[in-house]
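*Asks:* Sharing a structure here in structure tokens format.
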């Protein structure tokens with residue numbers, strides 16, 4: 001028995017975006033080949049990173065020089 005899942009099909013994963021005339025297949029391909037640098041991965045930055053990754057952005061860079069402490073958890 002093979003328990004491995006097949007690799008995800010990008011056309012299915014991003015189907016709801018590609019049906020939008022503003023995005024389409026060309027726009028999704030541009031997202032996949034794009035990159036973004038997010039400075040600050042706190043409350044807002046972490047949410048932005050989540051949605052950029054879910055949208056299919058190709059490369060994400062993260063810069064955050066904060067240190068974990070009780071005051072910022």
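The values are calculated or read from the model by the stated rules, or taken from the named source; none is laboratory data. Because the structure is predicted, anything quoted here is derived from the model rather than measured. For neighbour counting, all protein chains shown are included, and Cβ atoms are generated from backbone atoms with ideal geometry for every residue, glycine included.
*Asks:* Give 26, 22 a once-over and let me know the one that is part of a loop (DSSP other than H, G, I, E, B) and within 29 Å of residue 12 (Cβ to Cβ).
*Replies:* Going through 26, 22 in turn, the sole match is 22.
*Asks:* Any residue at all in the stretch 49-57 that is surrounded by 13 or more Cβ atoms within 10 Å (Cβ to Cβ) and out of contact with any strand residue (DSSP E or B) (no Cβ under 9 Å at 6 or more places or on another chain)?
*Replies:* Yes, the stretch 49-57 contains at least one residue that is surrounded by 13 or more Cβ atoms within 10 Å (Cβ to Cβ) and out of contact with any strand residue (DSSP E or B) (no Cβ under 9 Å at 6 or more places or on another chain).
*Asks:* Okay, next question. Quick one: residue 13 ticks every box in (1) at pLDDT below 95; (2) surrounded by fewer than 10 Cβ atoms within 10 Å (Cβ to Cβ) except a single one, so which number is it?
*Replies:* Residue 13 satisfies every listed condition except (2).
*Asks:* Now for a separate question. Going residue by residue through the stretch 21-41, is there one that turns out to be touching a residue at least 24 places away in the same chain (Cβ under 8 Å), on the phi > 0 side of the Ramachandran plot and in contact with a strand residue (DSSP E or B) (Cβ under 9 Å, 6 or more places away or on another chain)?
*Replies:* yes
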